[in-house]
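Engineer: The structure's right below; bear with me while I get my questions together.
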Amino acid sequence: MKIYFDVAYLYYLPHFEPVMDALTANSGGAVEIHAVFTSSPPQPIEESLKHKNVTTHLISSEERLSFYQSQCPDWVIFGHAANIAEDLNSVCSTALILHGLGPKSTYYNASSASIQYRFVESDVRKKRLQQLYPDKTFIKTGYTKLDPIINNDDIKLDLSSLGLNPEKPTLLYSPTFYPSTIENFPKDWPEEFSDYNVLLKPHYLSLIKSAYKKQRQLLEHWATYDNVYLADISEQNLVPFMATADLMISETSSALFEFIALNKPVIICHFLKLRWGYRGLLRFRLNKRLSDDFELFQSMGTNIKQYSELKTAVKNNIEQPSTHESARRSITNEVVGTVDGQCSTRVAHFLLSHSS
């Protein structure tokens with residue numbers, strides 16, 4: 001059996017790798033695993049995949065369809081709503097492991113693509129997707145990205161080796177690329193949080209897109225502080241950072257759903273830097289991008305409207321981490337589903353027992 005993972009962006013890989021590992025563990029060596037990139041991955045990532053006997057390919061976006069057709073795969077797994085799936089369905093089976101949990105409407109819209117199967121996280125999400133797309137096939141498996149945290153305590157970062165103090169509480173600031181709070185954080189904010197370690201883990205697009213050059217300049221400046229560590233571009237996987245941190249700071253990002261699934265506190269920042277096209281009367285454009293799940297952010301953790309509220313919010317949550325625990329557990333059940341370290345194994349069993 002040959003299974004190909006379509007890694008259109010590096011941030012799809014943390015969702016795919018646990019499945020690759022589960023396929024290797026459960027196939028008895030009877031499966032070939034391939035990762036297809038459209039841009040060269042950082043060398044450490046490529047070497048890690050090859051160490052796992054995953055064959056890597058670098059194929060331009062325009063050539064992916066003809067490449068897959070020529071390879072005669074059993075499965076092609078996507079991380080987004082890929083248009084080429086429609087032409088592949090006569091050649092092989094196609095499946096979707098979406099690269100996030102919401103709250104953007106794209107979480108639901110992704111199923112409009114002609115991908116045959118979609119692995120979903122929870123009963124609630126499966127029911128809603130089935131109502132929206134009654135002719136599609138959805139398989140509840142849980143959220144594969146979190147499996148390594150449950151199964152491997154060694155995935156945590158070594159704070160000492162990063163120049164940080166293991167005795168201090170550790171904050172994870174994981175902003176998205178747009179709309180983001182990065183530009184609205186003070187230039188010297190790490191100094192105000194000198195009693196904490198600060199892990200900076202920006203979105204991959206913040207690190208590579210020319211449009212976000214100013215974000216990179218701020219991130220690199222903050223990294224000069226002794227209590228701060230900025231993730232390298234090759235450290236595209238948020239999982240080790242989430243496993244290590246005591247608290248997460250972000251915007252209305254799907255990563256917050258991942259973090260509360262670990263029963264840890266979050267702070268949701270609403271002081272976003274918006275483009276002119278999303279401000280004032282045009283803010284409806286931003287709201288249009290969000291699904292009804294946006295309301296869940298109001299109860300999952302501490303919401304703040306301006307940076308000046310951050311220090312108090314951090315202090316309160318570090319000292320009383322159980323404050324929003326009930327809401328965290330309820331939302332995790334609704335959105336993330338079962339967090340038992342076996343989600344990837346469930347996906348692997350399905351792939352191995354079904355093919356065109």
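Engineer: So how tilted is helix 213-222 from the main axis of the chain? Cα-based, degrees 0 to 90, rounded to 10.
Structural biologist: That helix lies at roughly 60 degrees to the long axis.
Engineer: Can you give the Rg/Rh ratio of the range 148-214, where Rg is from the C-alpha atoms and Rh is the Kirkwood radius?
Structural biologist: Rounded to two decimals, Rg/Rh equals 1.02.
Engineer: Taking every DSSP beta bridge with both residues inside the range 53-200, roughly what % is antiparallel (nearest 5)?
Structural biologist: Close to 0 percent.
Engineer: At a threshold of 8 angstrom on Cα-Cα distance, excluding pairs fewer than six apart, so keeping six or more, what relative contact order does the chain reach in percent?
Structural biologist: Averaging sequence separation for qualifying contacts and normalising by length gives 21 percent for the chain.
Engineer: Excluding residues on the same chain fewer than 8 positions from Lys2, give the aspartates and glutamates whose Cα lies under 15 Å from its Cα.
Structural biologist: Within reach: Asp21, Glu32, Asp74.
Engineer: Let me ask something else about it. Rounded if a/c is under 1.5, else prolate if a/b beats b/c, else oblate: with a ≥ b ≥ c from the C-alpha gyration tensor eigenvalues square-rooted, which is the chain?
Structural biologist: Verdict is prolate for the chain.
Engineer: Over what distance in Å are the Cα centres of the range 301-344 and the range 195-248 separated?
Structural biologist: Value for the Cα centre distance between the two parts: 20 Å.
Engineer: Can I ask one more? What is the angle, in °, between the Cα long axis of helix 343-353 and the longest principal axis of the Cα atoms in the chain? Nearest 10 is fine, range 0 to 90.
Structural biologist: 10 degrees
Engineer: Step by step: find N for the range 90-198, compute 2.2 N^0.38 Å, then divide the Cα radius of gyration by it. What's the final number?
Structural biologist: Against the empirical 2.2 N^0.38 Å value, I get 1.52 for the range 90-198.
Engineer: For the range 124-163, what is the convex hull volume of the alpha-carbon atoms per residue, in Å³?
Structural biologist: In the range 124-163, the Cα hull volume divided by residue count equals 102 Å³.
Engineer: Report the antiparallel proportion of the DSSP beta bridges in the chain as a percent, rounded to a multiple of 5.
Structural biologist: 5 percent
Engineer: In addition: Within the range 102-220, what whole-number % of the accessible surface is contributed by carbon and sulfur, with the 1.4 Å probe and all protein chains included in the calculation?
Structural biologist: Roughly 46 percent of what the probe reaches on the range 102-220 is carbon or sulfur.
Engineer: Once you order the gyration tensor axes a ≥ b ≥ c over the Cα atoms, which shape class does the range 42-82 get: rounded for a/c under 1.5, otherwise prolate or oblate by comparing a/b with b/c?
Structural biologist: prolate
Engineer: Moving on. For the range 25-179, place one equal point scatterer on every Cα, skip the solvent, and apply the Debye formula. What is log10 of I(q)/I(0) at q = 0.10, 0.12 Å⁻¹?
Structural biologist: Taken in order of the listed q values, log10 I(q)/I(0) reads -0.50, -0.72.
Engineer: Now for a different question. Any idea of the accessible area per residue across the chain, 1.4 Å probe, to the nearest Å²?
Structural biologist: 44 Å²
Engineer: I'd like to compare 25-33, 234-242: which one has the highest average count of other Cβ atoms within 10 Å, and what's the full order after that?
Structural biologist: 234-242, 25-33
Engineer: For the range 47-156, what relative contact order do you get, as a whole percent, if you take Cα pairs closer than 8 Å and at least 6 residues apart?
Structural biologist: So the answer I get is 18 percent.
Engineer: Would you mind putting 167-174, 299-306 in packing order, based on average other-beta-carbon counts within 10 Å, highest first?
Structural biologist: 167-174, 299-306
Engineer: By its C-alpha gyration tensor, with a ≥ b ≥ c as the square roots of the eigenvalues, how is the range 1-86 shaped: rounded for a/c under 1.5, else prolate for a/b larger than b/c, else oblate?
Structural biologist: Note, shape of the range 1-86 comes out oblate.
Engineer: Counting each DSSP H run of 4 or more residues in the chain as -39500 (n - 2.57), what helix-only mean residue ellipticity at 222 nm follows after dividing by all residues, to the nearest 500 deg cm²/dmol?
Structural biologist: -9000 deg cm²/dmol
The values are calculated or read from the model by the stated rules, or taken from the named source; none is laboratory data. Please read these numbers as outputs of a predicted model, since none were measured by experiment. Positions of Cβ are generated from backbone atoms using ideal geometry, with glycine treated the same way; all protein chains shown enter the neighbour counts. To get the accessible areas, we keep the full protein, side chains included, count just its heavy atoms, and leave off ligands, DNA and RNA. Shrake-Rupley method; radii C 1.70, N 1.55, O 1.52, S 1.80 Å.
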